[in-house]
1. Using 0.36 nm times the number of residues separating ALA52 and THR122, minus their current alpha carbon distance, what extension gain do you get?
2. By per-residue mean of other Cβ atoms within 10 Å, what is the highest-first order of 266-272, 243-249?
3. Given charges of +1 on the Cβ of Lys and Arg and -1 on the Cβ of Asp and Glu, with all other atoms neutral, how large is the dipole of region 60-197 about its Cα centre, in debye to the nearest 20?
4. Quick check on packing: order 47-58, 86-97 by the mean number of other C-beta atoms within 10 Å, highest mean leading.
5. In what order do MET261, MET193 fall by count of nearby beta-carbon atoms within 10 Å, going from fewest to most?
6. Write down the Kirkwood hydrodynamic radius of region 45-276, to one decimal in angstroms, obtained as one divided by the mean of 1/r over all alpha carbon pairs.
7. Rounded to the nearest 20 debye, what is the charge dipole size of region 45-276 about its Cα centre when +1 sits on each Lys and Arg Cβ and -1 on each Asp and Glu Cβ?
8. Report the label-to-label distance for ARG160 and LYS271 in nanometres (one decimal), using points 7 Å from each Cα along the Cα→Cβ vector.
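What follows is calculated from the coordinates using simple rules that are stated; it is not laboratory data. Remember, predicted model here, so these are calculated numbers, not experimental data. Don't worry about glycine lacking a Cβ; one is built from the backbone with ideal geometry, like all the others, and counts go over all protein chains shown.
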Amino acid sequence: MKRNRIKLLVSLSAVLCIFLIGGTIAYFSDRESVGNVFAMGTYNGELNEVFAPPENWQPGVKTEKKVKISNTGTVDFVAAARFDENCIRRDDVISRQYNSEDGTFTDVTVARAGEELPVVFTDEEGILQEVGVKQFGSQVVFYEENTDPADYAGKWVGFRDVTDRKHVVCYFLYAGIISAKEDSPYILESVTMNPLLESTVSRSHQILYYYKEAQQNVQSFSYDVSEYGYDSAHYSIHIQSKTVQATREAIAGELAEDNEMVPAKFTDLLKYVQGLCSK
């Protein structure tokens, strides 16, 4: 009997050991983690424009159109801009013509609405003229071959492509870095309709007089012919801008490969701007 009791105790002890071992395997665990939040800089560039479109723009009239790029974020960037000009006739041009043989009037359409007109033209002296004469900002210079890019420091550098006279493009690259919370110099200040377009309004003058020898009233007409043909035209400038973070890698990836914003002529200038970046 005593021997059986010992066996039972041994067996219970074995069972208890097993449970104790089992108890040591089942344990609580706590895995801690700490979140470290890094606040990234705010990247934001704005194309700012001051412009009140005139409803009846006249030759020789200057209209304020101020354009600049503002860095409203906390990250420095470099900037490029592009102006696309076009001129579209908005209405049919009607000329009332007089037939002296039967004394009747006929309305003749001399130009159609929707016609695309050149935004540059050659005057009588062979000088290339603009429909919209632009006054650029004081810190705008135009690109010249063999110029040291450092000479452009702090200025907008422009290049004008007039290959297609009906679609003229002006490219601009800022030769510097626009720091956080700062503005670029103005690219554009104003636009004036070319005074040479004064003679483009078609109109007729009626003259009535008495022809004594024939003893009858006579009427005749004279016409102002449109010298450059810009009657009822709608001139516009479409402005785009592109900004990239002021790092050499960003410039190489986003501006150097973007031929729509940065022409090949600006290759050396772009390298100069890259050299201004700290990384």
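1. On the way: separation 70, 0.36 × 70 = 25.20 nm, distance 2.90 nm.
Net length gain for the segment: 22.3 nm.
2. Values: 266-272: 17.0, 243-249: 18.7.
The peptides rank, most packed first, as 243-249, 266-272.
3. Working: 15 positive and 24 negative charges, 118 e Å.
That gives a dipole near 560 debye.
4. Numbers: 47-58: 11.2, 86-97: 16.2.
For the peptides 47-58, 86-97, the packing ranking is 86-97, 47-58.
5. Details: MET261 19, MET193 22.
The fewest-first ordering by Cβ neighbours comes to MET261, MET193.
6. 20.7
7. Working: 21 positive and 38 negative charges, 92 e Å.
Dipole size: approximately 440 debye.
8. About 2.8 nm separates the two model spin labels.
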